[in-house]
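Engineer: This structure is in structure tokens; I'll ask about it shortly.
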Amino acid sequence: MIEYIARRLIFGIFVLLIMTTFIFIIMRAVPGDVVTLQLANSGATPEQMDALKAEMGLDKSVIWQLVDWLSNAVQGDLGNSLWSGQQVSEIILTRLPVTIQLAVLSIVLAIIIGIPIGVISAVKQNSFTDHFLKVISIGGLSIPNFWLALILLTGLSLVLNWIPPLGYQSFVDNPLVNMQQMFLPAICLAITLSASIVRMTRSAVLEVLHSEFIRTVRAKGAKEGVVIFRHALRNSLVSVITLIGLQIGYLLGGTVVLESIFALPGLGSLIFESVLIRDYPIVQSTVLVFGAMFLLVNLLVDIMYGWVDPRIRAK
Amino acid sequence: MAENSNTLLKVEEMKTVFKTRAGNLEAVDGVSFSITKGETVAIVGESGSGKSVSALSILRLLDSNGEVTSGKILFNDLNLKDLSAEEIRKIRGNEIAMIFQDPMTCLDPVYTIGDQIIETIKIHEDLSKQELRERALELLKLVGLPDPESRIDAYPHQLSGGQRQRVMIAIALACRPNLIIADEPTTALDVTVQAQIMELLKDLQSQFGTAIILVTHDLGVVAEMADKVVVVYAGQVVEQSDVKELFQKPQHPYTEALMRSIPKIDTDKNRRLLTIKGNVPSLREIPSGCRFHPRCPLATEKCKSEEPPLFEVAENRVSKCWIADSSIQDKRKVPTLIEEPDSNFEVNEHLVNKQLLLDVNNLQKHFPITKGVLSRTVGHVKAVDGVSLNIHKGEVLGLVGESGCGKSTVGRLITGLIESTNGDVSFDGKQLSSANRKDKKAIRKRIQFVFQDPYSSLNPRMTILDIIGEPLEVHNLAKGNTKRQRVGELLEIVGLSKNDMHKFPHQFSGGQRQRIGIARALATEPDLLICDEAVSALDVSVQAQILNLLKDLQLKMGLSYLFISHDLNVVKYISDRIAVMYLGEIVEVTDSDTLFKEPLHPYSQALISAVPIPNPVIQPDRIILKGEVPSPSNPPSGCKFHTRCPAAMDICKQQKPELKAISNVHTVSCHLYGEEQKA
């Protein structure tokens, strides 16, 4: 097991390396840089701009910039913001908890909504309830989360005259305000995710319900609840967990939009702002952190397989 | 039928209907039978006869679209049909328990076997955690699971098939039910394990007086286990009788045909098997009158229009056939209902000059087991470990052994479907390993394969013309019109019609599909057919048709077969010589009559004695082997069989016995024979 985890982590580092190189080059291929954008209307001469670029190391060739960045990053130095001069690692550390909280909250909500509805659809296969839930979940899959966010915000403010409190508060400082701020973006992210969880849970539970050991459990005289939750659902979890692991990518992408809409100071809004002003070190580092989160979640998913299914544990 | 005060379960006129989009299907149509305490009643029939549905109907465990619509299921005067869901739940597992066919899929993979036994007890009884575990342990000991203390926390995938079936039985016995319904409890098991499980069931029955309803298609198992037999066909009971009387003289033509269509150890190989024409009818197209009439050799006009009632032919004996009507009593005096047509095979002329066709020498196939970051090889599964055999022109060599012994791998190695690790195969004097591509292709043309499962071995999206024509095109033998003509001929050779060539596989029954598979194999005019379990997936009544076809083809075309099967009766019937395999090695080769008359190797002896004999009068003198086949990745030292051998000696543990010729037709690898005899 430890050997397996180590192997996955080494593999993960390679993935991150490739990813960060890719982003590094893409970012520099986009026209405009931080100096041009910052000093565009200040009347600075091209010579002054070049001097500033040289100071930031932006005059070197892309390859050399990459080598510099990588060698610093490996030593734990993610550089300074080109805009504010603040340490990138510091900025990320203050912003990371917001995104983690948002992501965890969305996943938990998605599971709470998705799994029971999926189980109900499977148990009531082809009934009116099933068809109704199918329409709802396909609707949930089709609605873009930013649209849902805007509708929710507008709806709440028009009907209830309520909008989430402004000015971010952390959960530790003020749990009530924090939850009021977090809940709406989390539910917007959760609805898309839960819709796919519903579909996956439904088909996985249906498949398990048709397997022979379910008949054995019924022949023991077990109550229907035991048959469904203890046996059918438990055996379906592998597929549901796999799905959640894969959907984490979409979820993290969603935080970029939703944090911006709800003015949450997380990594998502950070990357959004930094791309606009071409703050290369921040964009690169944030993408790196997002990538690492995705890889870690999927490693966790693979470890959970073993916990869910003893046959996988053996391998 | 006479009432008995001891009656435990009485099923009267039970009807089970499945609602489908295409209409209602009556899977069980008016089945009646009863069982008394401690008795075993067998429900026998082919697939689609409604035997399993009948069994599941009793406890109402049908799929959600199935329902018992009429009749009574009286269990201790309680009509199970009318109970509420909650009431029947309390009977399931408690008073009536079930054992299912496939122990590989019938246990929940994510819970330990202990938990699964405990679950049953917990549902029906209120015990402490400690007591529950003790009960589970006691049950595992009872069903003879080796080392129960440590196995109780094992997961199903860590156990072998036979061990899992023991766990299933332990679950069934958990609450000491009065009745166990066993649905094909031994069908998925190897013969030696089947013998163990049948022994166990009989033991437990005499110990606890449990009644057993045994659902099976295997008449051998019926003869050995049952007291009473209910024969079902197309959802109806056609005959019901005491087991001895039934086997002595069946009263319904279906029963008799069924019994005579399966090859038995004492079946004369030169005689054609009695076949039942056609196929088991689909529930959507149930024939009028007597449901068996389209397939019955004795059918008259009356049978087509009028459904016969159940005639009481003797005490506790009924038959649903007009022949049993007392007004035409005389017919029953003839010894058999169905008179046989001219039914001997011709003499096989191709065998006379003993020309060697296939010579396999020390064939080995070791599959590597890999581990770790760099996929290091940490061991080998020795699937085939030094097999030598030969086949002459026109000869059938049977290859028998239990699952995992490597017999299918041998077939694949010979056809070149997989590469061998070591050893060589020469075909008609040419060595396969040293042949160039062109020669290899030419040899492959002459060795063809017939697969086990006719449902998955034909591409569902190709027409029969394309399926059979494919090998013709691959080997550049025919194209266009000539191909069409050749496919037509091939279809007629295997007993199908030319007009079938534009159909798709799903339009055929299992038996017909296997004929298509054979036609495809014959397309390149091969000399050798490798038949890997070629009749195992077929219904018994269809199996005889295919066996007769294979024999006819052998005689007509001078074909040779390597006939791989786990079914000893079938192998005995079709083979000239038989090789017995155990754990990747051949332990004995001899002609088929000798093998069954005087098997020398203790494994062959046990294997043959384990085959259930469809005759309730004979009490088999059975050698029950201990345990199960060891893993081929870590085979025992010396003679690989010594861990299970009843005659194992010290030398067997250390020294591997060589294959020794005992006579010019008999070779065996066992320390019991050889040196001492020569001396």
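Engineer: Can you run down the residue pairs with Cβ atoms below 8 Å, 6 or more apart or on separate chains, where the first is in the stretch A:168-195 and free of Cβ contacts under 8 Å to residues at least 60 places away in the same chain and the partner is surrounded by 21 or more Cβ atoms within 10 Å (Cβ to Cβ)?
Structural biologist: A:Gln169/A:Gln181
Engineer: Give the stretch B:359-391 a look and list any residue that's in contact with a helix residue (DSSP H, G or I) (Cβ under 7 Å, 6 or more places away or on another chain) and either within 23 Å of B:Leu559 (Cβ to Cβ) or hydrophobic (A, V, I, L, M, F, W, C) (or both), or say none.
Structural biologist: Across the stretch B:359-391, the qualifying residues are B:Val360, B:Leu363, B:Val373, B:Ala383, B:Val384, B:Val387.
Engineer: Looking at (1) surrounded by fewer than 23 Cβ atoms within 10 Å (Cβ to Cβ); (2) more than 27 Å from B:Thr415 (Cα to Cα); (3) not polar (S, T, N, Q), can you tell me which one B:Tyr603 breaks?
Structural biologist: (1)
Engineer: So, one more: Filter the strands (runs of 3 or more DSSP E) completely within the stretch B:575-679 down to those with at least 2 residues that are over 30 Å from B:Leu547 (Cβ atoms).
Structural biologist: B:660-663
Engineer: Only one of B:Asp203, B:Asp153, B:Asp147, B:Asp183 is of a type in the set (Asp, Glu), within 14 Å of chain A (Cβ to nearest Cβ) and more than 15 Å from B:Met104 (Cβ to Cβ); which?
Structural biologist: Testing whether each residue is of a type in the set (Asp, Glu), within 14 Å of chain A (Cβ to nearest Cβ) and more than 15 Å from B:Met104 (Cβ to Cβ) leaves just B:Asp153.
Engineer: Mind checking which residues of the stretch A:194-218 are more than 14 Å from every other protein chain (Cβ to nearest Cβ) and hydroxyl-bearing (Ser, Thr, Tyr)?
Structural biologist: A:Ser194, A:Ser196, A:Thr201, A:Ser203 - these are the residues of the stretch A:194-218 that are more than 14 Å from every other protein chain (Cβ to nearest Cβ) and hydroxyl-bearing (Ser, Thr, Tyr).
Engineer: Do we find a residue being within 14 Å of chain B (Cβ to nearest Cβ), basic (Lys, Arg) and over 19 Å from A:Ile112 (Cβ atoms) anywhere in the stretch A:231-248?
Structural biologist: There is no residue in the stretch A:231-248 that is within 14 Å of chain B (Cβ to nearest Cβ), basic (Lys, Arg) and over 19 Å from A:Ile112 (Cβ atoms).
Engineer: Right, another one. When the residues of the stretch B:57-80 are narrowed to those that are part of a loop (DSSP other than H, G, I, E, B) and aliphatic (A, V, I, L, M), which ends up farthest from the other protein chains (Cβ to nearest Cβ)?
Structural biologist: So the residue we want is B:Leu62.
Engineer: Condition check: modelled with pLDDT of 90 or more and either among the aliphatic types (A, V, I, L, M) or within 18 Å of B:Gly50 (Cβ to Cβ) (or both). Does B:Val280 satisfy that?
Structural biologist: Considered against the rule, which asks whether it is modelled with pLDDT of 90 or more and either among the aliphatic types (A, V, I, L, M) or within 18 Å of B:Gly50 (Cβ to Cβ) (or both), B:Val280 comes out as no.
Engineer: For the stretch B:483-514, what are the residues that are within 16 Å of B:Ser282 (Cβ to Cβ) and assigned to a loop (DSSP other than H, G, I, E, B)?
Structural biologist: B:Phe508, B:Ser509
Engineer: On the given criteria, is A:Asp302 modelled with pLDDT under 90, within 19 Å of A:Asn80 (Cα to Cα) and among the acidic types (Asp, Glu)?
Structural biologist: Considered against the rule, which asks whether it is modelled with pLDDT under 90, within 19 Å of A:Asn80 (Cα to Cα) and among the acidic types (Asp, Glu), A:Asp302 comes out as no.
Engineer: May I ask you to list the residues in the stretch B:124-135 that are more than 13 Å from chain A (Cβ to nearest Cβ) and of a type outside the set (Ser, Thr, Tyr)?
Structural biologist: Answer for the stretch B:124-135, where residues must be more than 13 Å from chain A (Cβ to nearest Cβ) and of a type outside the set (Ser, Thr, Tyr): B:Asp126, B:Leu127, B:Lys129, B:Gln130, B:Glu131, B:Leu132, B:Arg133, B:Glu134, B:Arg135.
Engineer: Which of the residues belonging to the stretch A:223-235 are aliphatic (A, V, I, L, M) and surrounded by 23 or more Cβ atoms within 10 Å (Cβ to Cβ)?
Structural biologist: A:Ala232
Engineer: May I ask you to verify whether B:Lys10 is part of a strand (DSSP E or B), surrounded by fewer than 17 Cβ atoms within 10 Å (Cβ to Cβ) and touching a residue at least 40 places away in the same chain (Cβ under 8 Å)?
Structural biologist: So B:Lys10 does not fit the description; no.
Engineer: Can you name the strands (runs of 3 or more DSSP E) wholly within the stretch B:221-329 that have at least 3 residues being touching an Asp or Glu at 6+ places or on another chain (Cβ under 7 Å)?
Structural biologist: Of the strands (runs of 3 or more DSSP E) lying wholly inside the stretch B:221-329, those with at least 3 residues that are touching an Asp or Glu at 6+ places or on another chain (Cβ under 7 Å) span B:317-319.
Engineer: Note down all Cβ pairs under 8 Å where the first residue falls in the stretch B:203-219 and is on the phi > 0 side of the Ramachandran plot, the second is small (Gly, Ala, Ser) and part of a loop (DSSP other than H, G, I, E, B), and they're at least six residues apart or on different chains.
Structural biologist: Sorted first by the residue in the stretch B:203-219, then by its partner, the pairs are B:Gly209/B:Gly38.
Engineer: Here is a list: A:Leu299, A:Leu276, A:Leu264. Which entry is without any contact (Cβ under 8 Å) to a residue 24 or more places away in the chain, more than 14 Å from the chain's Cα centre (by Cα) and either closer than 21 Å to A:Val98 by Cα or away from every other protein chain (no Cβ under 14 Å) (or both)?
Structural biologist: Selected residue: A:Leu276, the only one of A:Leu299, A:Leu276, A:Leu264 that is without any contact (Cβ under 8 Å) to a residue 24 or more places away in the chain, more than 14 Å from the chain's Cα centre (by Cα) and either closer than 21 Å to A:Val98 by Cα or away from every other protein chain (no Cβ under 14 Å) (or both).
Engineer: Regarding the stretch B:109-123, can at least one residue be identified that is in contact with a Lys or Arg (Cβ under 6 Å, 6 or more places away or on another chain), surrounded by 23 or more Cβ atoms within 10 Å (Cβ to Cβ), part of a helix (DSSP H, G or I) and within 11 Å of another protein chain (Cβ to nearest Cβ)?
Structural biologist: yes
Engineer: Within the stretch B:206-218, count every residue that is out of contact with any Asp or Glu (no Cβ under 9 Å at 6 or more places or on another chain) and either closer than 26 Å to B:Cys405 by Cα or assigned to a helix (DSSP H, G or I) (or both).
Structural biologist: Counting residues in the stretch B:206-218 that are out of contact with any Asp or Glu (no Cβ under 9 Å at 6 or more places or on another chain) and either closer than 26 Å to B:Cys405 by Cα or assigned to a helix (DSSP H, G or I) (or both) gives 3.
Per-residue answers, yes or no, for (1) over 24 Å from A:Val257 (Cα atoms); (2) surrounded by fewer than 19 Cβ atoms within 10 Å (Cβ to Cβ):
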| position | (1), (2) |
| --- | --- |
| A:Leu150 | no, yes |
| A:Leu158 | no, yes |
| A:Gly167 | no, yes |
| A:Asn178 | no, yes |
| A:Ile191 | no, no |
| A:Ile197 | no, no |
| A:Thr201 | yes, no |
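Engineer: Another question, then. Can you work out which of the residues in the stretch B:450-468 that are in a loop (DSSP other than H, G, I, E, B) and of a type in the set (A, V, I, L, M, F, W, C) is modelled with the lowest pLDDT?
Structural biologist: B:Phe451
Engineer: For the stretch A:85-165, please list each of the helices (runs of 4 or more DSSP H) lying entirely inside it that holds at least 2 residues being without any contact (Cβ under 8 Å) to a residue 60 or more places away in the chain and closer than 20 Å to A:Val205 by Cα.
Structural biologist: Ranges flagged: A:88-123, A:128-142.
Engineer: All but one of (1) surrounded by fewer than 20 Cβ atoms within 10 Å (Cβ to Cβ); (2) assigned to a helix (DSSP H, G or I); (3) within 7 Å of chain A (Cβ to nearest Cβ) hold for B:Thr105; which doesn't?
Structural biologist: Result: B:Thr105 fails condition (2) only.
Engineer: Right, another one. Got a sec? Which of B:Ser84, B:Ser54 is more than 11 Å from chain A (Cβ to nearest Cβ), among the hydroxyl-bearing types (Ser, Thr, Tyr) and more than 25 Å from B:Val280 (Cβ to Cβ)?
Structural biologist: B:Ser84
So that you can scan it fast, the table gives a plain yes or no per residue for (1) surrounded by 11 or more Cβ atoms within 10 Å (Cβ to Cβ); (2) under 22 Å from the mean Cα position of the chain (by Cα); (3) β-branched (Val, Ile, Thr); (4) within 14 Å of chain B (Cβ to nearest Cβ):
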| residue | (1), (2), (3), (4) |
| --- | --- |
| A:Phe11 | yes, yes, no, yes |
| A:Leu17 | yes, yes, no, no |
| A:Thr21 | yes, yes, yes, no |
| A:Arg28 | yes, no, no, no |
| A:Pro31 | no, no, no, no |
| A:Gln48 | yes, no, no, no |
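Engineer: Okay, moving on. Which ones in the stretch B:93-102 are within 30 Å of B:Arg21 (Cα to Cα) and either more than 29 Å from the chain's Cα centre (by Cα) or more than 7 Å from chain A (Cβ to nearest Cβ) (or both)?
Structural biologist: Selection gives B:Gln101 alone.
Engineer: Restricting the stretch B:30-50 to residues that are in a loop (DSSP other than H, G, I, E, B) and of a type in the set (Ser, Thr, Tyr), which is modelled with the lowest pLDDT?
Structural biologist: B:Ser47
The values are calculated or read from the model by the stated rules, or taken from the named source; none is laboratory data. Worth saying up front: this structure is predicted, and the values here are computed from it rather than measured. Please note: Cβ atoms are built from the backbone with ideal geometry, for glycine as well, and neighbour counts cover all protein chains shown.
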